Amino acid sequence: MDVQKIGIVGAGQMGNGIAHVCALAGYEVVLNDISQDMLNKAMGLIDRNLERQVSREKISAEEKSAAMGRMSTTLRLADLGPSDLIIEAATERETVKQAIFEDLLPHLKPETILTSNTSSISITRLASRTDRPEKFMGFHFMNPVPVMQLVELIRGIATDEETFAACKAVVDTLGKTSATAEDFPAFIVNRILMPMINEAVYTLYEGVGNVKSIDESLKLGANHPMGPLELADFIGLDTCLAIMNVLHDGLADTKYRPCPLLTKYVEAGWLGRKTDRGFYDYRGDTPVPTR
């Protein structure tokens, strides 16, 4: 299938990044959200990020202008109906994703491919709530989308070869690299990454080290570009907790039990950068560890 028009559900951190790279690659993009403020914020952020690419001579001013011209926004899911490919990038809650797909179905073309940017939820289970499980798959971008090269492609049990080939062709057009993952909880990247972050939180919880010493140890001792607690704040502690719960529930192994301290931070509403507090306090000029 020749994909030309892409609909994106969710204008948050992931959705606006996906819109950015798709429009820059030549696709017509329709970005949807339930909040006009979120859509306005997303378009402003995309504009600034594209301008940064212009200033660094990664793209030309003409390419930026063309990309912005290919994007439109809408509050109505029905407006995504003419899309060839839809990428759902809403919050990491299965009930929310299922409701989105159910609301989309009456408006879609028979050949429209449905995908989810979920970082952990079963693709087979999400697909089973639609009328096209053979045209449904996982399309997991990494954050920040304009920078990160990898896209995980996850087949559900019913996903057909034509759907997989069409999605892989989109990844290739974006200039990114695809990795094929099986439909098991958290796929590849988060199956490995999230338990490491969770263990870092346990290390903090048990008093083995403080926030600064844990992050510095991994940056300098393992050559990681970001410490695990700093990375957790960047991802969002609510997202980290959701993925750990999917791993714990889906694999029934106590090694995936979310750290109680991670749960406590989420219950406090300290979700990381997006709320200005997490393992670091971001309300001043310089991030300050909270423990």
Heavy-atom accessible area of the chain with neighbours in place, 1.4 angstrom probe: carbon+sulfur share in percent works out to 51
To the nearest 10 degrees, how steep is helix 13-24 against the longest Cα principal axis of the chain, on a 0 to 90 scale? 40
Using θ = phi - 60° and Karplus 6.51 cos²θ - 1.76 cosθ + 1.60, couplings along the range 197-213 (whole Hz; Gly, Pro as x): 4, 4, 5, 5, 5, 4, 4, 5, 4, 8, x, 5, x, 8, 4, 5, 5
Please get the size of the charge dipole for the range 238-285, origin at its Cα centre, with Cβ charges of +1 on Lys and Arg and -1 on Asp and Glu, quoted in debye to the nearest 20. 60
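Using only Cα atoms, what is the ratio of the radius of gyration of the range 22-147 to 2.2 N^0.38 Å? Kindly include the intermediate steps, with their values, before the conclusion.
Values: Rg = 15.5 Å, N = 126, 2.2 N^0.38 = 13.8 Å.
Its radius of gyration relative to the 2.2 N^0.38 Å reference: 1.12.
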On a C-alpha basis, how far is the centre of the range 84-100 from the centre of the range 196-260 in Å? Whole number, if you could? 26
Restricting to DSSP H runs of at least four residues, report the calculated mean residue ellipticity at 222 nm for the chain, -39500 (n - 2.57) per run over all residues, nearest 500 deg cm²/dmol. -13500 deg cm²/dmol
Counting only residues 5 or more places away or on other chains, whose amide H sits under 5 Å from the amide H of Ala179 once H atoms are built in the peptide plane? Val151, Glu152, Leu153
How much accessible surface does Phe279 have with a 1.4 Å probe, in Å² rounded to 10? 0
Pairwise Lys count, the range 133-291 - Cα closer than 29 Å, eight or more residues apart or different chains: 14
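FRET efficiency for Ala99 and Lys41, Cβ-Cβ distance as r, R0 = 25 Å, nearest 0.05? Mind dumping the intermediate values first?
Details: r = 23 Å, r/R0 = 0.92.
After rounding to 0.05, the efficiency reads 0.60.
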Restricted to the chain, the DSSP antiparallel beta bridge percent, nearest 5, is 25
In Å², what does the accessible area per residue of the chain work out to with a 1.4 Å probe? 46
Just how large is the dipole of the chain about the Cα centre, in debye to the nearest 20, putting +1 at every Lys and Arg Cβ and -1 at every Asp and Glu Cβ? 500
Separation in nanometres of the label points that stand 7 Å from Cα toward Cβ, at Met68 and Gln149: 3.0
Can you compute 3J(HN,Hα) from phi for each residue in the range 102-115, using the Karplus curve 6.51 cos²θ - 1.76 cosθ + 1.60 with θ = phi - 60°, rounded to whole Hz and x for Gly and Pro? 5, 6, 6, 3, x, 9, 8, 6, x, 8, 4, 8, 9, 9
Calculate the spin-label point distance for Glu216 paired with Arg283, positioning each point 7 Å from the Cα along the beta-carbon direction, and give it in nanometres. 2.5
Euclidean distance between Cα centres, the range 1-35 to the range 55-70, Å: 16
Other-chain or far-sequence residues with amide H under 5 Å of Ile113's (modelled H): Leu85, Ile86
Non-local residues with an amide H under 5 Å from the amide H of Thr73, with H modelled 1.01 Å from N and Pro and chain starts lacking one, are Leu31
Taking R0 as 35 Å and r as the Cβ-Cβ distance between Arg76 and Tyr205, the FRET efficiency 1/(1 + (r/R0)^6), rounded to the nearest 0.05, comes to 0.20
Simple spin-label estimate for Ala179/Asp249, 7 Å along Cα→Cβ, in nm, reads 2.5
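The values are calculated or read from the model by the stated rules, or taken from the named source; none is laboratory data. Being a predicted model, the structure only gives us computed values, none of them experimental. In this analysis, Cβ positions are derived from the backbone assuming ideal geometry, glycine residues included, and neighbour counts consider all displayed protein chains. With ligands, DNA and RNA removed, areas are computed over all heavy atoms of the protein, side chains included. Shrake-Rupley method; radii C 1.70, N 1.55, O 1.52, S 1.80 Å.
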